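Only one structure is covered here, and it is reproduced in the block below.
The values are calculated or read from the model by the stated rules, or taken from the named source; none is laboratory data. Bear in mind the structure is a predicted one, so any value in this text is a computation, not a measurement. FYI the Cβ positions are ideal-geometry reconstructions off the backbone, even for glycines, and counts take in every protein chain you see. To get the accessible areas, we keep the full protein, side chains included, count just its heavy atoms, and leave off ligands, DNA and RNA. Shrake-Rupley method; radii C 1.70, N 1.55, O 1.52, S 1.80 Å.
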Amino acid sequence: MANLLQTNAPASSAGRKARMTSKWFKAASHELIPPFYLWLGLILLTLFTLAPVTYLLLSSLSPASELLSGRLIPATLTLMNYVRLFQGPSGAEYVHALRNSVAVSVWTTVFTIGIGIFAAYALAKIKFPLRTTSLFAILAMQLLPSISIIVPMYIMMREGISISIPFTGIVLYQSPPLLDTIAGLVVAYTTFSLPFAVWLMAGYFQTISRELEEAAYVDGCGRIGTMFRIIIPLSLPGIAATAIFTLLSAWDEFIFASAFTQTFAAKTLPVAIREFIGRHSIDWGLMNAGGFVASLPPVILSLLLYRYIVGGLSAGGVKE
Amino acid sequence: MGKPSKAGIVSSLRLNPRGRKDLLLAVILLLPTVYILAKTFIYPIVQSLIWSFYKYNLMDGSDIEFVGLRNYTQMFGLHEFWISMRNTAFFTVFTVGFELLLGFFSALLLNQMFRGRLFFRAIIIVPWAMLTLVNGLMWNWIYQPGYGAMTVVLHKLHLLPAGSNPVWLSSSQGIMFFASIADIWKMTPYMTLLLLAGLQSLPASLYEAAVIDGAGFWKKIWHITVPQLMPAIIVAIVLRILGAFRVYDILTVFTGDPTTSVSYLTYNYAFRYFYLGRASAMAWISTIFILILIVIYIRMLKKNSELE
């Protein structure tokens with residue numbers, strides 16, 4: 001076909017044009033969308049995705065005088081809003097919220113993975129009665145909203161949590177009231193992250209073949225040895241994905257944080273951002289700078305660890 | 001995941017040494033998780049069911065008093081409750097519908113082979129990774145009358161007469177609509193990634209037979225892609241409904257009006273007025289609705305895994 005067109009010199013220009021058009025408007029046999037529409041769609045998708053964020057960034061870099069003039073792209077750029085964000089008493093509160101967010105997210109992730117990994121191993125690799133039922137119960141818990149348990153949880157935080165041996169009345173440990181503390185938030189978030197962390201990690205553990213385990217048994221490893229030497233190292237990507245999801249959801253959580261914190265002692269970034277809107281009513285430059293800084297860690301983390309996140313999402317059952 | 005067969009249960013109960021050791025190990029490994037979940041998840045959920053039958057007012061210090069179904073009957077008689085239900089239903093249907101539509105076509109685009117595909121696949125994760133509250137703040141800024149980006153762009157495109165300067169967030173319908181758009185922007189990538197994963201599991205030769213038959217784009221989508229992708233689509237829809245129905249955080253950026261969602265109203269009853277009994281009853285309405293969806297979802301998952 002191509003040869004035919006090349007030898008036919010007089011028709012070549014029209015022929016090339018026709019070929020060009022057909023190339024742009026006809027999909028390849030195994031594809032669905034012709035290139036022209038593909039790129040049109042991709043441009044729209046990029047615009048839809050990036051325009052709002054770009055606007056947020058530009059407005060945070062724009063001097064106050066230009067913000068309210070309705071220019072989308074400021075003529076001059078300034079870092080003044082970022083300087084103001086970290087200055088003075090309100091700046092100190094913002095930094096405090098940032099630090100709280102880091103502490104809460106990191107501790108939640110450590111506890112969730114540290115505790116959940118054992119349960120996930122048991123559910124994935126040991127046969128015992130009611131195993132499937134327990135897995136589905138865990139899945140169901142993962143999908144329930146925080147509003148379902150927030151009221152009793154609040155009372156629990158107010159009175160402090162006691163660790164006791166069930167049905168005996170022996171109290172091993174009684175915590176002080178946990179309202180307005182980072183520890184309280186870590187407890188609440190760990191509760192909410194555990195089910196999905198267990199579900200996700202159990203899924204990853206199940207993909208590791210039985211032969212590898214058997215080989216480890218032959219080499220004289222016990223159950224626990226196999227878990228630490230075979231299963232965990234091989235599922236590190238899955239564990240990483242689980243850790244990222246835990247971290248991101250703790251960073252983003254708002255409903256518990258706003259119910260359980262009243263002073264700046266334990267306020268996290270989402271609560272601080274919510275308060276911006278009341279306090280700095282129309283200081284949009286400052287608010288946008290604060291919002292941008294708060295979003296930077298999760299966005300950068302997600303882009304860097306894109307592969308794990310997509311893997312985790314498609315493993316199914318991650319709520320948001 | 002294999003169902004434990006009857007024989008399996010029996011053999012692990014019958015005391016063969018290896019099975020008994022395994023059972024003991026499983027119990028030890030599960031114990032911390034089970035203890036925590038029982039203490040901070042299952043107990044609260046039961047507790048809130050019990051409190052929903054009590055008058056429990058934390059503010060006035062009155063005694064806790066059993067009132068039977070009164071919290072529920074009062075709630076169903078409450079105008080506010082029905083408005084919040086309607087708004088939640090609107091939010092759920094509107095956002096999930098558009099996220100599905102946009103997510104489906106984005107997934108089709110990103111499933112093709114082209115240069116720089118990874119770049120486009122990566123950038124769509126940016127909205128999803130942003131803080132929900134910042135997303136609300138950002139759209140609130142975009143919707144500002146006069147100098148906000150939406151008004152400016154609409155003026156530049158001459159879609160809005162030069163003299164007109166609407167206050168977009170003035171009515172509660174406006175707030176619901178514009179808050180939904182913010183949510184659609186943030187959660188469409190999630191839908192896209194779920195559907196993309198579904199598309200990637202379909203065979204590459206999917207459309208070849210259809211080309212021979214000369215089917216066009218829409219025909220191919222309707223007769224090949226959609227039916228093949230149906231399990232993934234349904235799972236994605238259910239997961240998104242579960243997420244959208246609980247909406248609370250993004251609304252607090254746009255409005256102080258608690259009737260904009262059931263969660264918002266529940267939260268207000270609990271932590272503004274401290275009517276814990278009534279708030280528990282309201283929370284249980286959400287819980288029941290979501291439990292029904294969860295049962296549907298688990299059935300779907302079981303069916304899907306049987307098909308594989």
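Scanning the stretch A:216-235 for residues that are over 31 Å from the mean Cα position of the chain (by Cα) and either open to solvent by 50 Å² or more (accessible area, probe 1.4 Å) or farther than 20 Å from residue B:21 by Cα (or both) returns A:217, A:218, A:219, A:220. Selection over the stretch B:89-120 of residues that are under 22 Å from the mean Cα position of the chain (by Cα) and either away from every other protein chain (no Cβ under 11 Å) or touching a residue at least 24 places away in the same chain (Cβ under 8 Å) (or both) gives a count of 18.
Residues being in a loop (DSSP other than H, G, I, E, B), over 30 Å from residue A:36 (Cβ atoms) and either touching a strand residue (DSSP E or B) at 6+ places or on another chain (Cβ under 9 Å) or of a type in the set (Lys, Arg) (or both) are entirely absent from the stretch B:247-257. The residues listed here are A:242, A:207; of these, the one that is among the hydroxyl-bearing types (Ser, Thr, Tyr), assigned by TED's automatic domain parsing to the domain that holds residue A:290 and surrounded by fewer than 13 Cβ atoms within 10 Å (Cβ to Cβ) is A:207.
Inclusion of residue A:304 among residues that are open to solvent by 30 Å² or more (accessible area, probe 1.4 Å), more than 8 Å from chain B (Cβ to nearest Cβ) and among the hydrophobic types (A, V, I, L, M, F, W, C) is warranted. Restricting A:97, A:120, A:137, A:103 to residues that are touching a residue at least 40 places away in the same chain (Cβ under 8 Å) and within 30 Å of residue A:209 (Cα to Cα) narrows the list to A:120.
For the stretch A:168-204, the set of residues classified as open to solvent by 40 Å² or more (accessible area, probe 1.4 Å), touching a residue at least 60 places away in the same chain (Cβ under 8 Å) and more than 28 Å from residue A:135 (Cα to Cα) consists of A:181, A:182, listed by residue number. Note on the stretch B:140-177: among residues that are outside any helix (DSSP H, G or I) and open to solvent by less than 10 Å² (accessible area, probe 1.4 Å), the one that is farthest from residue B:94 (Cα to Cα) is B:148. Considering only residues in the stretch A:58-84 that are touching a helix residue (DSSP H, G or I) at 6+ places or on another chain (Cβ under 8 Å) and β-branched (Val, Ile, Thr), the one that is most open to solvent (accessible area, probe 1.4 Å) turns out to be A:73.
Close Cβ contacts (under 7 Å, 6 or more residues apart or on different chains) running from residues in the stretch B:137-151 that are within 7 Å of chain A (Cβ to nearest Cβ) to residues that are of a type in the set (Ser, Thr, Tyr) comprise B:141/A:59; B:142/A:55; B:147/A:69; B:149/A:55.
Pairing each residue of the stretch B:192-220 that is under 24 Å from residue B:95 (Cα atoms) and part of a helix (DSSP H, G or I) with any residue that is open to solvent by 60 Å² or more (accessible area, probe 1.4 Å) and not hydroxyl-bearing (Ser, Thr, Tyr), provided the two are 6+ apart or on different chains, yields C-beta distances under 8 Å for B:192/B:102. If the condition is being in contact with a helix residue (DSSP H, G or I) (Cβ under 9 Å, 6 or more places away or on another chain), open to solvent by less than 60 Å² (accessible area, probe 1.4 Å) and either in a helix (DSSP H, G or I) or farther than 20 Å from residue A:148 by Cα (or both), then the stretch B:33-54 contributes B:33, B:36, B:37, B:39, B:40, B:41, B:44, B:45, B:47, B:48, B:51. Of these, A:266, A:250, which one is of a type in the set (A, V, I, L, M), more than 9 Å from chain B (Cβ to nearest Cβ), over 24 Å from residue B:243 (Cβ atoms) and in contact with a helix residue (DSSP H, G or I) (Cβ under 7 Å, 6 or more places away or on another chain)? Testing whether each residue is of a type in the set (A, V, I, L, M), more than 9 Å from chain B (Cβ to nearest Cβ), over 24 Å from residue B:243 (Cβ atoms) and in contact with a helix residue (DSSP H, G or I) (Cβ under 7 Å, 6 or more places away or on another chain) leaves just A:266.
Condition first: within 23 Å of residue B:24 (Cα to Cα) and either crowded, with 22+ Cβ neighbours inside 10 Å or within 7 Å of chain B (Cβ to nearest Cβ) (or both). Now tell me which residues in the stretch A:126-167 satisfy that. Hits for the stretch A:126-167 are A:126, A:127, A:128, A:129, A:131, A:132, A:135, A:136, A:138. Scanning the stretch B:274-308 for residues that are more than 22 Å from the chain's Cα centre (by Cα) and at pLDDT 90 or above gives B:274, B:275, B:276, B:277, B:278. Filtered by the rule that a residue be of a type outside the set (Phe, Trp, Tyr), within 8 Å of chain A (Cβ to nearest Cβ) and in contact (Cβ under 8 Å) with a residue 40 or more places away in the chain, the stretch B:127-136 gives B:127, B:130, B:132, B:133. Of all the listed residues (B:27, B:67), the sole one being modelled with pLDDT under 95 and surrounded by fewer than 17 Cβ atoms within 10 Å (Cβ to Cβ) is B:27.
Within the stretch A:255-274, is there a residue that is closer than 30 Å to residue A:91 by Cα, in a helix (DSSP H, G or I) and open to solvent by 50 Å² or more (accessible area, probe 1.4 Å)? Within the stretch A:255-274 (the criterion being closer than 30 Å to residue A:91 by Cα, in a helix (DSSP H, G or I) and open to solvent by 50 Å² or more (accessible area, probe 1.4 Å)), the answer is yes, since at least one residue qualifies. Condition first: charged (D, E, K, R) and in contact with a Ser or Thr (Cβ under 9 Å, 6 or more places away or on another chain). Now tell me which residues in the stretch B:228-274 satisfy that. Result: B:240, B:246, B:249, B:257. I'm told residue B:86 meets every condition in (1) surrounded by fewer than 20 Cβ atoms within 10 Å (Cβ to Cβ); (2) more than 7 Å from every other protein chain (Cβ to nearest Cβ); (3) closer than 29 Å to residue B:231 by Cα; (4) touching a Phe, Trp or Tyr at 6+ places or on another chain (Cβ under 9 Å) except one. Can you identify the failing condition by its number? So residue B:86 meets the others, but not (4).
State whether one or more residues within the stretch A:107-116 are among the hydroxyl-bearing types (Ser, Thr, Tyr), modelled with pLDDT under 90 and farther than 30 Å from residue A:214 by Cα. There is no residue in the stretch A:107-116 that is among the hydroxyl-bearing types (Ser, Thr, Tyr), modelled with pLDDT under 90 and farther than 30 Å from residue A:214 by Cα.
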